[in-house]
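Below is one structure, written out as structure tokens, with a few remarks after it.
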Amino acid sequence: MGEGPATIGIIANPVSARDIRRVVANASNLQIADRVNIVLRVLTAVHSLGVNRVLMMPDRGGIRAMLSRHLGRERNLHHQFPAVEFLDMEPISTVDDTFQAARLLQASGVAAIVVLGGDGTHRAVVRELMNGDTGIPIAGLSTGTNNAFPEMRESTLTGMAVALHATGMIAPEYALAPNKLIEVSINEGQRHDIALVDAVISHERHIGARALWKTESLHSLYLTFADPEAIGLSAIGGMLQPVGRRDPGGLAVHLADDGASAGVLLRAPIAPGMLRDVPIAHWEPMPAGQAFTVPLQGGVVALDGEREMPFDAGDRVRVTLRENAFSTVDVARCLHTAAHMGLLRHPSQPHRRHPSWQATRSP
Amino acid sequence: MAGNPFPLSKAELLKAYRTMRTIREFEERLHVDFGRGDIPGFVHLYAGEEAAAAGIMIHLGDGDRIASTHRGHGHCIAKGVDVGEMMLEIYGKKGGSCNGKGGSMHIADLSKGMMGANGILGAGAPLVCGAALAAKYRKKGEVAISFVGDGASNQGTFLESLNLAAVWNLPAIFVVENNGYAESTSRDYGVAVDSYVDRAAGFGLPGITVDGTDFFAVYEAAGEIIRRAREGGGPSLLECKMVRFHGHFEGDAQTYRGPGELDDIRANHDCLKKFAAQVTAAGVISADELAPIDREALAVVEDAVARAKAAPLPTVADLTTDVYVSY
Amino acid sequence: MARKISMKQAINEALDQEMARDPSVICMGEDIVGGAGGEGERDAWGGVLGVTKGLYAKHGDRLMDTPLSESAYIGAAIGAAACGMRPVAELMFIDFMGVCFDQIFNQAAKFKYMFGGKAETPVVIRAMVGAGFRAAAQHSQMLTPLFTHIPGIKVVCPSTPYDTKGLLIQAIRDNDPVIFCEHKNLYGFEGEVPEASYAIPFGEANVVRDGRDATVVAYGLMVHRALEAAASLAKEGIEIEIVDLRTLSPIDMDTVLDSVTKTGRLVCVDEANPRCSIAADVSAQVAMRAFGALKAGIEMVTPPHVPVPFSPPLEDLYIPSAAQVAAAVRKTLKGGRH
């Protein structure tokens, strides 16, 4: 990396943060116009640091349409942006768009993929990246208040970090961080999926409106990390026994049927604006590579907050933590490294509004 | 046997299926009869969109009001309007829901809380504010629901109603049935803000987008929104993303559709097929239990058509009645 | 005898008495209470001209201020009426019906017929009509003929405080949608009004002056112009009969026809623009149904077919005057069939 034009990919999900938590709690809705503004800020940032081509997932939810209008205006104003190309795919407004875009971006050899969305969107991208096995890192941007995996961070900074990695200014061993995930397998791989933060087992056994928010239905949680600062079901683990993103192992939490039989009644922020008392039976570390068999006879597995995999009595559900499963751009470390190494210092060139200093930098 | 995984009893599931199947048979039959020239006027069919009507209306009683659209047959059936009277009405016959004076676009039955299909796009939203206001005064926990298509969501009446409902904290619910087309014009062209949840947010209302072809997704989301409204939590918006099996109106050649689009939505996005697959896969209802409902729905529709064809037409004596209560 | 109160007070009293009598009566409109949500006093306005002032203290939240959003709240009044309430919505100026006309003429007017007789929509929409306030083209129109054209709605336009109270009470109790037109230049006009509640039936014109020589048909402010004309004509020995229509839909043509049959001459006075006006309608019906009784051509006194102008001399020229009415009467008396 570092040779030839630097290219990155962007997958921006137009429909994340529209689920039932807007009504049952007061979860935020990030409007399309805001999502487009986030993308524009990423584009500005990456272009300023030498990325001149961006491949984007097309969508029918309004981001492409509004972004195209904005870029047209920006071009009229002679503002500098990288070349933005939409991937050659026909969006159908389901999660398959994300899968297909991740597939196409891997094939085109982008240096990194910026993902705008919630936990679910990030999960979909990572799932596809696992299939491709290209090791392309992602940089996540949360587009809601409901997410544990992607960071709430100003997108300009994320864009800068991505560009520092994509242009080779910062080497991968400094720019990237390894991540854990949880594999869920039903009947020895008959059905198979992943979770980036939490695989939660619920008694509910139907998918309904997908989002999981009724704590009385919870059976157990399997967590890659448990952050007391996180929102969502993983916060239950975070409040019991914190486990960091980069720490080895995960956490398994088993819930009691009711408060009376619970060892602990824990009050946790299981969704934005929603604190619930959750009856805890016990919890235990989840070492990497060790399969946990779910003892529940019939239910649904929710992956990163959404009911995805219903199972019946007799179905054998196993969950396993994997370490070093995929890479993310470590934004904080990139920016600190850039400061430490003076990467963004350059000679004063007062007469050039758009310095192309990066083209002449030393290798 | 793991039991019923769904939040509805088996009887309720069968009722929902019967509602959806009856709508489907009703609409597909109208498609055929209109093509034969048996039906006067304009007809807009709801086929393909049944899960939204059924998933919402199953939460409602007769005291809850709805205002429908020009594509209203499904809402009527799901709200409990008599199918036989509806068919008489669509055929323009005496004894129809509106005695032959309304037709397909204006079927109403206030005793069932059905405030009328409406030939004016977006007109139902202010009416629903009024119905919700009346419910607020009555204090019985009733709600009112306005249905609007993605196209009519651009009407000022709709946007003004979102504001009024928010200002007055009405037990009003706004359902956007997004089938992707305003007549022949793509939603992508005609709606400047691409998410209806964004529109609701602009008025400070919560909103949800659900897969409107998935009965269970609609059921759960609608249930929460309706409960919230009943308990004084105020108005909300529900966007159901759905598909339209037929044209804007009957006789529409639908040349604006993409190649293979109709085959795809019938094959892969049929809410009835999805429902049947979900309940049979869960082992709650067998295909053998659904089949008789299919036959009964067909029989109900065939009987309604036969009676409608045989029924008398209105006469000159009917022309000038029912303009006023008194005049 | 009854005390004298203004038309404005008569409206207020009618609303007050009906709200006290029937809990399903609610009022809504822009600033009908006033001051909602502000830090100052509630009931700050009581309507833009103070007509509903004081009702909030008695009836509280049954009077609702609305956003400036006529489509939504007129539609809401109609929807509430279809669900068992008896809303009285104030449209402020009738000119504003342009932004909510669909709700009036496609919704309220049609429910009864279009739904096969099963729906009732007992809504009253109050609105100020008429010129003379120097308020120009968008706040001064009559527009009464636009509503009378539409089957399914009733149209009322009273000329006195007595009629106003009785007709408004009837409008609220009536089970059909009613457009209640209040002439803004009559708000201060005083007359005897009983304190007790009473209703005046719709479709009954009032012969406000007996006369043998000619019939003058008028409504609203024009009744007063006709009365002025009658006073000057009487000095010339001409006695006109004045029919105040009071309700325009239904319209009491029997009383008009009886009078024309007696006098043989007809002058129609209307503050609405002349084309397809109430005056044109009455003229046409008399020509059709009592042609044999007419001794001369029918005369119409209306504004010219122009918008209402702003500048005071122009507006004064616009509004039909007593002199124009008197001139039309003299003309019809000169004309004749030989």
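Details
- Between region A:130-177 and region B:100-178, the alpha-carbon center distance in angstrom: 46 Å
- Local electrostatic count at residue A:57 - Lys and Arg +1, Asp and Glu -1, tallied over other residues with Cβ under 9 Å: -1
- Distance-filtered residues of region A:304-321 - backbone nitrogen under 13 Å, label point 7 angstrom along residue A:276 Cα→Cβ: A:305-307
- For region A:150-231, the calculated P(r), taken from all Cα-Cα distances in 10 Å bins from zero up to the bin holding the longest distance, is 13, 31, 29, 19, 8, 0 percent.
- Within chain A, percent of DSSP bridges classed antiparallel, to nearest 5: 70 percent
- Note on chain B: antiparallel DSSP beta bridges, both residues inside, total approximately 10 percent of the bridges counted.
- Label-zone membership for region C:238-271, site residue B:327, 7 angstrom Cα→C-beta point, backbone N under 15 Å: C:248-253
- Fraction of accessible area attributable to carbon and sulfur, chain A (%, probe 1.4 Å): 49 percent
- Here's how it looks for residue A:9: its modeled amide H is under 5 Å from those of A:55, A:111, A:112, A:113, A:114, which are all 5 or more places away or on a different chain.
- Distance violations [Cα-Cα > 29 Å] among A:214/B:15; C:154/C:331; C:4/C:58; C:110/C:165; B:273/C:110: C:154/C:331; B:273/C:110
- Eligible aspartates and glutamates near residue C:8 by straight Cα distance, threshold 15 Å, same-chain separation 8 or greater: C:16, C:90, C:163, C:182, C:190, C:192, C:195
- Where C:302, A:94 fall by accessible area, highest first, once all protein chains stay in place (1.4 Å): A:94, C:302
- Overall form of region A:1-152 per C-alpha gyration tensor (a/c, 1.5; a/b vs b/c): oblate
- Dimensions (Å) - chain B, Cα atoms, principal axes, largest first: 62, 51, 42
- Region A:33-112 pair-distance distribution - Cα-Cα, 10 Å bins, rounded %: 17, 49, 30, 3
- For the set A:68, A:155, solvent exposure ranked by accessible area (probe 1.4 Å, protein chains only) runs largest to smallest as A:68, A:155.
- Order of exposure, largest accessible area first, which applies to A:213, A:283 with probe 1.4 Å: A:283, A:213
- Computed E for residue B:111/residue A:134 - FRET, C-beta separation, R0 60 angstrom, nearest 0.05: 0.40
- Apportionment of accessible area to carbon and sulfur, chain C, percent (1.4 Å): 55 percent
- Pairwise FRET efficiency - residue A:103 versus residue B:29, Cβ, R0 = 60 Å, nearest 0.05: 0.85
- Projected label points at residue C:175 and residue B:313, each 7 Å from Cα along the beta carbon direction, are separated by 3.1 nanometres.
- Candidates B:203, B:216, B:147, ranked by Gaussian network fluctuation over chain B, Cα under 10 Å, top entry: B:203
- Inter-label distance, residue C:16 to residue C:323: 4.1 nm, where each label sits 7 Å from its Cα along the C-beta direction.
- For chain A, the square roots a ≥ b ≥ c of the C-alpha gyration tensor eigenvalues yield an a/c of 1.5 or more together with a/b exceeding b/c, which makes the shape prolate.
- Convex hull volume per residue in cubic angstrom - Cα atoms of region B:190-291: 156 Å³
- Estimated from the Cβ-Cβ distance and a Förster radius of 22 angstrom, the FRET efficiency linking residue B:230 and residue A:260 is about 0.10.
- Size of the B/A contact, given as accessible area buried on both chains, probe 1.4 Å, in Å²: 2200 Å²
- Top of C:113, C:318, C:162 by mean-square fluctuation, Gaussian network on chain C, Cα under 10 Å: C:113
- Charge tally in the Cβ shell below 13 Å around residue A:146, where Lys, Arg are +1 and Asp, Glu are -1, residue A:146 excluded: -1
- Relative counts (whole %) of C-alpha pair distances in chain C, using bins that are 10 Å wide: 6, 26, 33, 23, 10, 2, 0, 0
- Heavy-atom accessible area, 1.4 Å probe, ligands and nucleic acids excluded: residues of region C:58-98 down by at least 40 Å² from chain alone: C:64, C:67, C:71, C:72, C:76, C:83, C:85
- Each DSSP beta bridge with both residues in the protein assembly as shown is either parallel or antiparallel, and the antiparallel ones are about 45%.
- The Kirkwood radius of region C:42-118, taken over pairs of alpha-carbon atoms, gives through the Stokes-Einstein law at 4 °C and 1.567 mPa s a diffusion coefficient of 94 µm² s⁻¹.
- Å² per residue, accessible surface of the protein assembly as shown at 1.4 Å: 37 Å²
- Electrostatic tally near residue C:169: other residues with Cβ closer than 10 Å to its Cβ, Lys and Arg +1, Asp and Glu -1, net 0.
- Region A:99-214: radius of gyration over Cα atoms, expressed as a fraction of 2.2 N^0.38 Å: 1.18
- Karplus-derived HN-Hα couplings along region B:313-323 (A = 6.51, B = -1.76, C = 1.60, θ = phi - 60°), whole Hz, x at Gly and Pro: 7, x, 10, 4, 5, 7, 4, 10, 8, 6, 7
- Buried between C and B is an accessible area of approximately 3300 Å², summed over both sides with a 1.4 Å probe.
- Shape of region C:198-338, Cα gyration tensor, a/c cut at 1.5: rounded
- Nearby aspartates and glutamates by direct alpha-carbon distance to residue B:274 (threshold 13 angstrom, same-chain neighbours under 8 apart not counted): B:49, B:50, B:211, B:214
- Expressed as a whole percent, the accessible area of region B:10-320 that falls on carbon and sulfur atoms is 55 (1.4 Å probe).
- Longest stretch of chain B clear of exposed loop sites (GluC sites (Glu not before Pro), DSSP loop, at most 16 other Cβ atoms within 10 Å, sites excluded): B:1-182.
- Cα radius of gyration and Dmax for region A:181-324 (Å): 13.7, 40
- Taken over the Cα atoms of the protein assembly as shown, the convex hull encloses 212 Å³ per residue.
- Residue of A:119, A:198, A:97 that the Gaussian network model of chain A assigns the largest fluctuation, springs spanning Cα pairs under 10 Å: A:97
The values are calculated or read from the model by the stated rules, or taken from the named source; none is laboratory data. Small disclaimer: the values here were computed from a predicted structure and weren't measured. Using ideal geometry, Cβ is built from the backbone for each residue, glycine included, and neighbour counts are taken over all protein chains shown. These accessible areas exclude ligands, DNA and RNA; they are computed on the full protein's heavy atoms, side chains included. Shrake-Rupley method; radii C 1.70, N 1.55, O 1.52, S 1.80 Å.
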